[in-house]
Amino acid sequence: MEKELTPGTRIDHEKYGEGIVSTVSIAGYEVFFARGGKMELSRSNTDFEIIEAVESTDDSPKVSVADLEKVFNYLLEQTGTVPEIIEFADKWTGGTLVLKPQDDKLKPHEMPLDGFFHKIVMVRDRLRVLEQNINSHPKLTDEDKVNLQQYITRIYGSLTSFNIIFKNKEEHFVGTSSNK
């Protein structure tokens, strides 16, 4: 039987840990997890337990993103899983990433560098979660874990081009040629 969730409900997922349901759709749930960030769960997913259910009524107040952030930050502090703060290099503050096509008839795409930086940091965080899941997976052999870890190390190596946007060198991506 499927578990019916409502926004604000706290759950504990087998893989991602504690999370809070932010939105409910026909297909599933959007949940913010302490270890995995924002994830989509299908309605048929049963890999979680409800920690604290929130009853849904027609007159229940809508939960704002700001309220969810406060609750999520509180949970992170309580569980000791406050995410690492990664600093953006000062020289890029207020900068813009511009992707200009070769064809002058096409419009360039611009995005704030801090938004791009956030996406790069999220890629790194999700790679770290993937590493943890691989290393703790009960059905993978040690050889499988090593092979998968080598792919992740190569991915880190491919991302070293983005190290210029990090303020601190210890936060850089490190590939196979460095002493990681």
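Residue check: is Val21 under 22 Å from Arg124 (Cα atoms), touching a residue at least 12 places away in the same chain (Cβ under 8 Å) and assigned to a strand (DSSP E or B)? When the stated conditions are applied, Val21 does not pass them. For the range 71-102, what are the residues that are in a helix (DSSP H, G or I) and at pLDDT 75 or above? If the condition is that a residue be in a helix (DSSP H, G or I) and at pLDDT 75 or above, then Val71, Asp90, Lys91, Trp92 are the ones that fit. State yes or no: is Gly17 closer than 22 Å to Ser136 by Cβ and surrounded by 15 or more Cβ atoms within 10 Å (Cβ to Cβ)? When the stated conditions are applied, Gly17 passes them. It is to be established whether one or more residues within the range 149-167 are aromatic (Phe, Trp, Tyr) and without any contact (Cβ under 8 Å) to a residue 24 or more places away in the chain. Yes. Could you please give the count of residues in the range 40-59 that are within 20 Å of Gly28 (Cβ to Cβ) and either basic (Lys, Arg) or at pLDDT below 75 (or both)? Result for the range 40-59: 2.
Within the range 24-49, the set of residues being in contact (Cβ under 8 Å) with a residue 12 or more places away in the chain, part of a loop (DSSP other than H, G, I, E, B) and not hydrophobic (A, V, I, L, M, F, W, C) comprises Arg35, Gly36, Arg43, Ser44, Asn45, Thr46, Asp47.
Name the single residue, out of those in the range 133-148 being in a helix (DSSP H, G or I) and free of Cβ contacts under 8 Å to residues at least 12 places away in the same chain, that is surrounded by the most Cβ atoms within 10 Å (Cβ to Cβ). Per the stated criteria, the residue is Lys145. Among the conditions (1) surrounded by 14 or more Cβ atoms within 10 Å (Cβ to Cβ); (2) part of a loop (DSSP other than H, G, I, E, B), Lys105 misses just one, which is (1).
The values are calculated or read from the model by the stated rules, or taken from the named source; none is laboratory data. This one's a predicted model, so the numbers in the text were calculated from it and none came from an experiment. Backbone-built Cβ (ideal geometry, glycine too); neighbour counts: all protein chains shown.
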